[in-house]
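The structure appears below as structure tokens.
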Amino acid sequence: MKILRVISSVSAEAGGPINGLLNSSKELVRKGHKVVVVSLDDPDSPWVEGFELPLVSFKSIGSYGFSKNFYAWLLENVSQYDVVVVHGIWQFHSFSAAKACQLNSVPFVTFIHGMLDPWFNANSKLKALKKNIYWKLFERHVINHANAVLFTSEEERMLARKSFTPYFPVEKVVAYGSLKPMIDLEVAKETLLSKFDSLKSKRFALFLSRIHEKKGLDLLIDALGKIKNLPEDFLLAIAGPDTNGLQAKFVKQIESLGLTDRVVWLGMLSGDVKWGAYHAADVFVLPSHQENFGIVVAEALSTATPVLITNKVNIWREIKAAGAGFVGDDDVVGIKTILNSWLNMSKDEKMRMSNKAIECYHNNFSIVSAVEDLERVLLDVSKSQ
């Protein structure tokens with residue numbers, strides 16, 4: 001198959017979707033398919049140069065990402081592909097790709113990536129109003145006329161039904177996953193520790209994600225501050241891009257709770273250093289209010305690191321069933337409870353949970369099984385046109 005993947009940005013700071021796109025595309029290429037990516041990135045952006053897949057990018061205007069040249073390219077080129085995969089909605093790339101596909105009778109599928117979760121509407125009236133307008137004008141056509149709308153969990157599929165009307169997509173739940181790191185994790189761990197001396201000889205919980213309101217970092221900090229008799233060698237390591245300028249707010253919160261010596265800021269990590277952080281961590285924690293999948297959770301599991309997550313991370317049922325970590329409510333009490341559950345475990349219990357973590361990854365979130373699922377859907381869709 002010739003597959004065109006359409007996304008707003010290929011920047012790593014855009015979050016999980018680009019990681020999933022990259023990992024699955026590499027496996028699709030290995031299986032003999034051709035994959036091209038088109039995005040609304042400025043061609044001069046540093047993350048465009050050296051991108052690991054064939055990439056066509058166009059400079060866009062405004063937060064919606066309007067680009068006349070992007071749409072013109074799609075109209076001229078989509079007919080060269082057997083199927084188009086649209087990643088995410090609410091920006092110009094999704095509607096323009098859907099329209100170009102319909103005009104050229106090219107089948108397309110839309111990966112929602114959690115963007116129809118009702119949490120977003122409930123937490124900002126202004127954004128909810130804006131999205132209702134966009135839905136009526138544009139996105140309902142993207143969703144309701146797609147050959148398939150792809151969800152990465154049953155939980156995500158059910159939540160999406162509660163957000164907007166009219167809503168009558170062809171729904172499909174597909175497996176999703178991450179690549180297992182093909183590196184020496186002990187060497188990667190030493191690379192991390194050589195860069196961050198404050199982590200040496202310490203146990204630490206790792207938060208690795210965007211610094212964003214929905215990630216629940218404020219809950220994690222408050223919960224840490226409420227834990228009595230916190231082990232002297234235990235730290236919270238926070239890694240990820242501060243795209244919304246929230247770090248200063250969290251630093252003040254940390255200072256007010258007397259936790260300055262307990263928190264280390266690592267910035268954005270990538271490559272071997274990122275994998276070294278997963279492997280070196282005592283436990284991985286993601287206290288999100290909303291997470292359609294959480295690719296970072298799968299990455300942590302692939303390094304045999306147990307996870308502490310909320311029941312708003314849509315793969316929580318798989319984690320709980322596998323015994324690969326602890327699951328709590330997305331509030332301070334819930335986060336404190338799962339932190340204490342981990343801290344109160346014996347060394348042997350933690351080792352057993354570590355073994356269950358890697359088993360959970362192989363059974364549920366490996367990239368090989370995920371791509372087989374995606375490939376099957378794309379082949380079916382391409383043949384149906």
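The values are calculated or read from the model by the stated rules, or taken from the named source; none is laboratory data. As the structure is a computational prediction, the values presented were derived from the model and not from experiment. Cβ coordinates were reconstructed from backbone atoms using ideal geometry, including for glycine residues, and neighbour counts include every protein chain displayed. The accessibility values were calculated without ligands, DNA or RNA, using every heavy atom of the protein model including side chains. Shrake-Rupley method; radii C 1.70, N 1.55, O 1.52, S 1.80 Å.
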| Of all residues in the stretch 256-296, which are open to solvent by 20 Å² or more (accessible area, probe 1.4 Å), over 21 Å from Asn355 (Cβ atoms) and acidic (Asp, Glu)? | Asp261, Asp272
| note | Looking across the stretch 341-368 at residues that are polar (S, T, N, Q) and in contact with a helix residue (DSSP H, G or I) (Cβ under 9 Å, 6 or more places away or on another chain), the single one that is least open to solvent (accessible area, probe 1.4 Å) is Ser366
| field | One residue from Lys195, Lys172, Lys226 being within 30 Å of Pro107 (Cβ to Cβ) and charged (D, E, K, R) | value | Lys172
| remark: The number of residues in the stretch 116-150 that are closer than 30 Å to Lys383 by Cβ, outside any helix (DSSP H, G or I) and free of Cβ contacts under 8 Å to residues at least 60 places away in the same chain is 3
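Table: residues versus (1) over 23 Å from Thr305 (Cβ atoms); (2) within 17 Å of the chain's Cα centre (by Cα).
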site: Gly225; (1), (2): yes, no
site: Ala239; (1), (2): no, yes
site: Asp242; (1), (2): yes, yes
site: Gly258; (1), (2): yes, no
site: Val263; (1), (2): no, no
site: Leu266; (1), (2): no, no
site: Gly271; (1), (2): no, yes
| task | Could you check Ala237 against (1) assigned to a helix (DSSP H, G or I); (2) modelled with pLDDT of 95 or more and say which number it fails? | result | (1)
| said: Restricting to the stretch 213-234, count the residues that are charged (D, E, K, R) and in a helix (DSSP H, G or I). | reply: 6
| remark: The lone condition Val173 fails out of (1) crowded, with 22+ Cβ neighbours inside 10 Å; (2) of a type in the set (A, V, I, L, M); (3) within 19 Å of Gly88 (Cβ to Cβ) is (1)
| request: Output the residues belonging to the stretch 83-98 that are in contact with a Leu (Cβ under 8 Å, 6 or more places away or on another chain), assigned to a helix (DSSP H, G or I) and open to solvent by 10 Å² or more (accessible area, probe 1.4 Å). | output: Phe92
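Would it be correct to say that Phe66 is in contact with a Gly (Cβ under 9 Å, 6 or more places away or on another chain) and either of a type in the set (A, V, I, L, M, F, W, C) or surrounded by fewer than 20 Cβ atoms within 10 Å (Cβ to Cβ) (or both)?
no
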| For Lys214, which of the numbered conditions (1) crowded, with 21+ Cβ neighbours inside 10 Å; (2) within 30 Å of Val86 (Cβ to Cβ) fails to hold? | (1)
| said: Return the residues of the stretch 101-160 that are among the β-branched types (Val, Ile, Thr) and open to solvent by 30 Å² or more (accessible area, probe 1.4 Å); say none if nothing qualifies. | reply: Ile133
| Any chance the stretch 291-301 includes a residue that's touching a residue at least 12 places away in the same chain (Cβ under 8 Å), among the acidic types (Asp, Glu), part of a helix (DSSP H, G or I) and in contact with a Leu (Cβ under 9 Å, 6 or more places away or on another chain)? | yes
| task | Please work out which residue is nearest to Glu291 (Cα to Cα), limiting yourself to the stretch 308-328 and to residues that are in a strand (DSSP E or B) and not polar (S, T, N, Q). | result | Val313
| task | Being in contact with a Phe, Trp or Tyr (Cβ under 7 Å, 6 or more places away or on another chain) and among the aromatic types (Phe, Trp, Tyr) narrows it down to one of Tyr176, Tyr167, so name that one. | result | Tyr176
| Sole residue being hydrophobic (A, V, I, L, M, F, W, C) and either farther than 24 Å from Ala12 by Cα or open to solvent by 20 Å² or more (accessible area, probe 1.4 Å) (or both), chosen from Ala248, Ala205, Ala188 | Ala248
